[in-house]
Structures are given as C-alpha cells and as structure tokens.
Number of protein chains: 2
Amino acid sequence: MKKKMEVQEPSCHRLQESLLSSSSGYSNYRGVLNWCVVMLVLSNARLFLENLLKYGILVDPIQVVALFVKDPYNMPAVCLVIGVWSNLKNTVVLLLQGCFSEHFGLLVHSINLSVILCFPVAVVLMVKSVTPVGGAVALGVYTILFLKLYSYKDVNKWCREMCYAKARSLSRSISCPSVSWSEGRGVGSQVTYPGNLTCRDLYYFVFAPTLCYELNFPRSPKIRKSFLLRRLCEMVSSWMVPIIQSSMKPLEDMDLSRMVELRTHSAVPNHLLWLIFFYTFFHSAMNFVAELLQFGDREFYRDWWNSETVPYFWQNWNIPVHKWCLRHFYKPMLKRGVSKWAGQSAVFLASAFFHEYLVSVPLKMLRPWAFLGMMAQLPLAWFVACFLRGNYGNAAVWISLIIGQPFAVLMYVHDYYVLQHREESAGVGPD
Amino acid sequence: MKKKMEVQEPSCHRLQESLLSSSSGYSNYRGVLNWCVVMLVLSNARLFLENLLKYGILVDPIQVVALFVKDPYNMPAVCLVIGVWSNLKNTVVLLLQGCFSEHFGLLVHSINLSVILCFPVAVVLMVKSVTPVGGAVALGVYTILFLKLYSYKDVNKWCREMCYAKARSLSRSISCPSVSWSEGRGVGSQVTYPGNLTCRDLYYFVFAPTLCYELNFPRSPKIRKSFLLRRLCEMVSSWMVPIIQSSMKPLEDMDLSRMVELRTHSAVPNHLLWLIFFYTFFHSAMNFVAELLQFGDREFYRDWWNSETVPYFWQNWNIPVHKWCLRHFYKPMLKRGVSKWAGQSAVFLASAFFHEYLVSVPLKMLRPWAFLGMMAQLPLAWFVACFLRGNYGNAAVWISLIIGQPFAVLMYVHDYYVLQHREESAGVGPD
C-alpha cells in the first residue's frame, strides 16, 4: 500500500477556501486600510497640484502661524475655554482645604459641577459673537471637564470609604488620613489615597486622554520622538489639506471657525469627514497627548469597523466615554438595585442628552434631530440583530453610518440656514 | 503590604497601544473591506438612480440575453475559442492511442503546443474583423489551454517515470501499464497512473480552475446552491452596473466588445476597474466554476493586498499561474542544474513574453510598453526592499499598482488611437 502511494506525483492542491470567502475565517486586511489611505492622499494630491498650477504657492507658513496666534483674542469661545481654569481652581481649593464634612463637600461639588454645565450654555446663548464652531468646541471642553471631575469626586469617595472600612476591620486606631501626604507619594512606587490629593495629580488627570480617574495611571517608559512627530504630521496635514484644497485665496481674512465651516462645505463627503475626524482626534491627537504625558493606556477605540451589531459599534468607537458611562453611571446604578434594562435606558438617554447639548446649544436652536437620530438606533439595532449576520450585519452598520449621520447633520444645516435667512430678512442681520 | 493594596480602587487602565498603531500588531480589518464594497455599491447606486430618473427603465432583460445569444455568430474571436475543441481532440487522440514511443510522443506534443500558441496569432493578425477585446479573450483562452496541456504532458511523463522506477526497484514483472484502466479508477478511491488517461478526466481538468494537472484533485463534498447564487450575482452585477451607469441608450446596437470598451472608458478609474476585474474573475468566476465542478482547492489568490515587497505581490496575486511557473518551469530548471538566479530571470522573461503576447497581438501593434512595465518592476522591487518596511512598503506597492498600471495602459491606448487615426486619414478605414 505504501509503495502504491509513491507512484502518484506529489499533490499540489489541497482542500481550502478562498481568502475572501467569509467561510475562510481570514481577516487580515491591513493592506486594504493602507489602500484607503493611499487613495485619499493621492486624490488630495491631484487637487493640491491643480490648485498649485492655478494659483501658485500662496500659502505662507508665517501667515498660517500668525492666523492661529492673532485669532484667539477675537473669540469669546476661546475665553470660555480659558475660563475652565478658574473652575479647576475652585475644585483644587475645595479639595486642598479638606476640612468639609462628606455631605457638605458633596453639596459644594454638585454646585460646582452644575456651574460647569450651565455657565458655558448661558455665555454661548447670550453672547452674539460666538460662532457655532467656537461654541461647540467650548461646550465640548466643559463637558469633558464635567465628566473628569465627576470621576475624580467618585474615585476619591471610594478611596475614603475603603479607608474607613479598612480601619474598622483592622480595629486599630491607624486611620488612613494620618498617613502623611508626602509618605503616600513614593518615588516609582504606587500612590495611596490621601497622597494623590495634589494639584499636580489633578492637572495631570485633566490633561490625560481619559475620563476615568485613577490613583496610579499606567505610564509608558519614555517619549518616542518619531512617534510624536508622526502624530503631529497627521494632525497638521488633516487640517492643512482641505484648506489648500478648497481654495488658496481666502487665507488672509479667515479665522479658525470659518476654516472649519469651509472644511465642512468642501467636496469631501460628510462621511469621509467623520472618518478623518475620528482618525485625527481619536488616534493622532489623543496618542500625541498621551505620548507627551507618558500616559500608558492608548485604548481610545476598539475595532468598531468590524462591528456586526449596532450596540457593538456604540460600545467600541469611543472608549473613554464608554468606560466612564460603565464605571460612573451604569455600575453604580446596578449597585443601587436598578434593573439592567432601566440602567441601559438611562445611559442611552444621558448620551442622547449630551449629543443634543453639544449640537443644539452652539447652533442656538433646539431641534430634536440629534435626539431622534439616537432614538432611530433602537429599531435599527433590533433589525440588524434579528435579520443580519456576519458581513451583512457589518455592511448594515456601515450603511447606517454613511447614510444616517449626514441625514441628521443635513437637517441641522437646513434649519440653521433657514433661521439665519429669516433673521437677515427681518433686519436683525448685518447692520 | 497585601492590606495596603486593598485601599486602592480596582484599576481600569492598562498599558496598551492603540489598534491603528503599527506597533499594536493588530490586523483584523475585514470591516474596512466591507466599507469599500458598501462605498462602491452606494456610489454606483446614486449614478444608477440618476440615470433611471433621466432615461427611465430602458433595460429589457430579454434584450440583454438576446444580445449575448445573437452576438457570438458575428465574431471571429468566438469561433476561435470554439476552435479550441478541435485542438483538444487532437490531444485526446494522441493520448488514447498510447502507442507512440516517448520521443515521438514528445515531438507530436510539442508541435501541438506550438500550434496552440501560433494559430490564434495568425488568425487575429490576418482577419480584419477581430476586435481587440475579442482577440485578447481568444488569445487568453488559447494561452490557458497551452499551459494546461503542458502541465498534463509533464505530470503524465512523471507518472510514467515513477512507474518504471518502481518496477525496477521491485524487480518484479508487474509493470504499471498492466494494471487495467478500469481497475485504476475505483469509486471514492484514488486514481493511479494509467487509470487517469480518459476523456472525462482531461475535460474535467480543462474546465477546472487550475493550470496544474493532478491525478486526484481534492473535491468539495457538495455544491452549495446559495454560494453559487451569490457568486453569480456578483458576476452579473459587475457587468451590468457599468453598462447601466455609462448610458442607457446604446444597448440595442451594442456588441460584447463595444460593451467592454465602454466599460474601460467609463468614469471608473483604471485602478478600480482592475480591482473589480480581479474580484470578478479570481473570486466570483473561479469560485463559481469550482463550486460547479466540486473542485476543492479554492486558493486562486493569497493576501497580496498586504504585500510589503514587490516580489510578494507577484507571487500571490495570481496563484494558478504562479503555481504553474513554479512546478513546470522553475523547479525543472533547477533540477537540470540551472542556477537560482538564472531560473528566476527565465520565469520573469517568460512572464513578460506572455504579457506582451496577450496585449500586442490583439491590438495588432508591437509596442514594448507591457514588457517595459514588467522590467520597471526590477528597480522598484530593489528600492522597496532596501528602503521601505511594513506599512510604507505596502503603500509603495499600492502606489506602483495605482500609478504604474494605468500608465502602461495609457501608452497602448494612445498608440492605438494614433494608429487608427493614421489609417483612417490614409483611407484604409471605413470604406
């Protein structure tokens, strides 16, 4: 029998599926991602060359820098962002005094947090000269600060509770607060509860690319300069290209918010713009900041591009917010005996509220489109989960992103222009 | 020490890289591929709708079928393809007689193979009415047949050699040919040498999506109807969409080759067209045929999209040809004592020859562009291998595909139109 097999020539085929068949289980498409980037760069390069041949080199690097430096003083939104500092100082003073009772401290903190949410809204709505883009950025910064300080308060409360519990269980008189602050912060060692209550620690957390406070963040061993440079180039090019592209002329009399508006009206479709925003903000910018601060946890997003269900997408595209919701909103509710279903609905509603907050207030018009957009996810999620599997589910999620998102944006843009036109024709516009 | 750790809240961050960073080692981007497909379909759908609103529904399915059925009789190229059968019959007769000596058989086979290569060239060059597309398809079919029969001859020769060797080593008188043919072809068992010399076996090999002959191909257990249907839909849509897209009118007076020409001149860039061709031919069509024939080995391409060097791309985008070159050209040369370097050059030159053969002859003009395009791969490969790694290498391969390929095609198109125009102005054109 063995000899008989030898007569046959060595086989050069074997039973296997094509890689692109979904049944092959193959999924390494890094090259396809590179293809997308190359296509994006090449199509931009063509436009860039066309403009260069048409107008010549009109971009003066000094002018560009001057534009960024000169502009802030004209914008109330930027002043609002700087105003964040005063609020931070409030918090620091609150903490460092450390002589409040638990209940009084909670009250003061709650007042502080509500001020953070309400103060920018009042400013944006009352000051006429705040542009939508400036307003959105300012509100975004205040929202991030709100989430961060909420987490800071929560974690420190947990630490105090653990300290008391530990003191009780040890039944000794060494209570945590008696450990001196300098003792808590050893060189290279872990920081323990009261040792973390320093200005330095709070400022690090405020700048770190995360919303969840922790006493000892994982730190990367060193700052890689080439990594930093690459992320910086990505950020700069993602801003410069559309400006150069759309037209070379209006650079002199252009401010930051007009540049953003120009970007949104450029030929790049809304969906591509969102993808570029995602990459620039969640990959380039956050990694850049993290590298500078030697912040170790770079998980700012997971593989949402493979999501086969709608919830998977929402849980994985924005990890800092998702982590915050889970840790400071959903889990505490579950601990208090709220049912899973009610907890999920509450998270969903809070998310819808913040989407509305970040869109309606800067545009100075209350419209239900962002909220409805969020609500439309529910039947979509149900449909995808029931009827679609694998690649078809993934395609459905992509289609909802490609079609659904621009639709909501379009509704706002439409309403905004109608409103502006009405104001102008009523004589409220340019004097 | 243990108690001290308990004071800290459970950590919610850990040291990790972002997924999109190349250092993370993550590579599952199946979703990005789906995104590309969705974008392609959506952008086509928009054009389709625009045309539908402009012209209404002009496509009559019966008309389309009639177009395909009616057309062949007008085309000499199709007659050429049908002519393949006569040649196949030659081979079968040659084999089944089985009474030639080894040397005489080789001679007859060589003559037959050279006829396969030269006959269509003569027809295409002499018959005026062969269009470039028809000529290229006919030459392609003849080339495939050439490679298949070469492999068939080689494998059977190896089998005979092994039979003799076995007979000698066993020093018994049971020589292989004495095993009756019917005995060799057991139900469900492996076929051994002389048992494979049947018409049925040869025809199966000719239609099977591979160029390498084997006595016992791996077979898939059953024909999956849904798989077959999906591949068929992909093939049909990849042909229908550009026709509907480009314009709805000229369907009545259009033949197959004009449809292909229309396709190449449509708005879809050359590179996208190549990608669609790759998918339609190497995935949809080959898998369709393989599923019909229950042919088990579906490896028609490997992961060339991830290739970081130029040779990796050439070795992985077209597996049937790569396998054939390795098995019937490169390895036999090595066995005869040719150096590795000389062998690789020979494969490269043969490949360049066939590229030229498939392009120059149908266009009826001998131009060095395809050959030069192949030659330009050498310095490119050297440059990529020396200076670029990882994603940068991959991007370089993509750029060479996106820019290099259309450039070569453009040179031919340019020369073709110049030639046609000269002929027309000289009065050779329309009478």
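The values are calculated or read from the model by the stated rules, or taken from the named source; none is laboratory data. Everything numeric here is computed off the predicted structure, so don't read it as measured data. Don't worry about glycine lacking a Cβ; one is built from the backbone with ideal geometry, like all the others, and counts go over all protein chains shown. Protein only, heavy atoms only, side chains kept; ligands, DNA and RNA dropped before computing areas. Shrake-Rupley method; radii C 1.70, N 1.55, O 1.52, S 1.80 Å.
Details
- Residue in segment B:205-221 that is modelled with pLDDT of 85 or more, acidic (Asp, Glu), under 29 Å from residue B:278 (Cα atoms) and in a helix (DSSP H, G or I) present: no
- Subset of segment B:161-188 [crowded, with 16+ Cβ neighbours inside 10 Å and modelled with pLDDT of 50 or more]: B:162, B:163, B:166, B:167
- Subset of segment B:131-150 (residues that are in contact with a Pro (Cβ under 8 Å, 6 or more places away or on another chain), open to solvent by 10 Å² or more (accessible area, probe 1.4 Å) and hydrophobic (A, V, I, L, M, F, W, C)): B:133, B:136
- Residue B:7 at pLDDT 85 or above, at the interface with chain A (Cβ under 7 Å from one of its Cβ atoms) and touching a Cys at 6+ places or on another chain (Cβ under 7 Å): no
- Selection of first residues in segment A:294-317 that are farther than 22 Å from residue A:29 by Cβ and within 11 Å of chain B (Cβ to nearest Cβ) and of second residues that are outside any loop (DSSP other than H, G, I, E, B) and open to solvent by 10 Å² or more (accessible area, probe 1.4 Å), restricted to Cβ pairs under 8 Å at least 6 apart or on distinct chains, gives the following pairs, ordered by first then second residue: A:294/A:219; A:295/A:219; A:295/A:289; A:296/A:219; A:296/B:16; A:297/B:16.
- Any helices (runs of 4 or more DSSP H) falling wholly within segment B:320-431 and containing at least 3 residues that are at pLDDT 80 or above, out of contact with any strand residue (DSSP E or B) (no Cβ under 9 Å at 6 or more places or on another chain) and over 26 Å from residue B:121 (Cβ atoms): B:331-335, B:340-363, B:369-387, B:390-399
- Residues of segment A:16-48 that turn out to be more than 7 Å from every other protein chain (Cβ to nearest Cβ) and touching an Asp or Glu at 6+ places or on another chain (Cβ under 6 Å), as a count: 2
- Odd one out for residue B:299 among (1) at pLDDT below 90; (2) not in a helix (DSSP H, G or I): (1)
- Test for residue A:338: is it in contact (Cβ under 8 Å) with a residue 40 or more places away in the chain and either surrounded by fewer than 19 Cβ atoms within 10 Å (Cβ to Cβ) or on the phi > 0 side of the Ramachandran plot (or both): no
- Members of segment A:87-130 that are open to solvent by 70 Å² or more (accessible area, probe 1.4 Å), modelled with pLDDT under 80 and in a helix (DSSP H, G or I): A:89, A:90, A:93, A:96, A:97, A:102, A:103, A:104
So that you can scan it fast, the table gives a plain yes or no per residue for (1) surrounded by fewer than 18 Cβ atoms within 10 Å (Cβ to Cβ); (2) more than 30 Å from residue A:223 (Cα to Cα); (3) hydroxyl-bearing (Ser, Thr, Tyr); (4) touching a Leu at 6+ places or on another chain (Cβ under 9 Å):
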| site | (1), (2), (3), (4) |
| --- | --- |
| A:286 | no, no, no, no |
| A:289 | yes, no, no, no |
| A:293 | yes, no, no, no |
| A:301 | no, no, yes, yes |
| A:307 | no, yes, yes, no |
| A:310 | no, yes, no, yes |
| A:314 | no, yes, no, no |
| A:326 | yes, yes, no, no |
| A:333 | yes, yes, no, no |
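- Of all residues in segment B:374-419, those satisfying the criterion of being over 20 Å from residue B:357 (Cα atoms) and away from chain A (no Cβ under 14 Å) are B:378, B:379, B:380, B:381, B:382, B:383, B:385, B:386, B:387, B:418.
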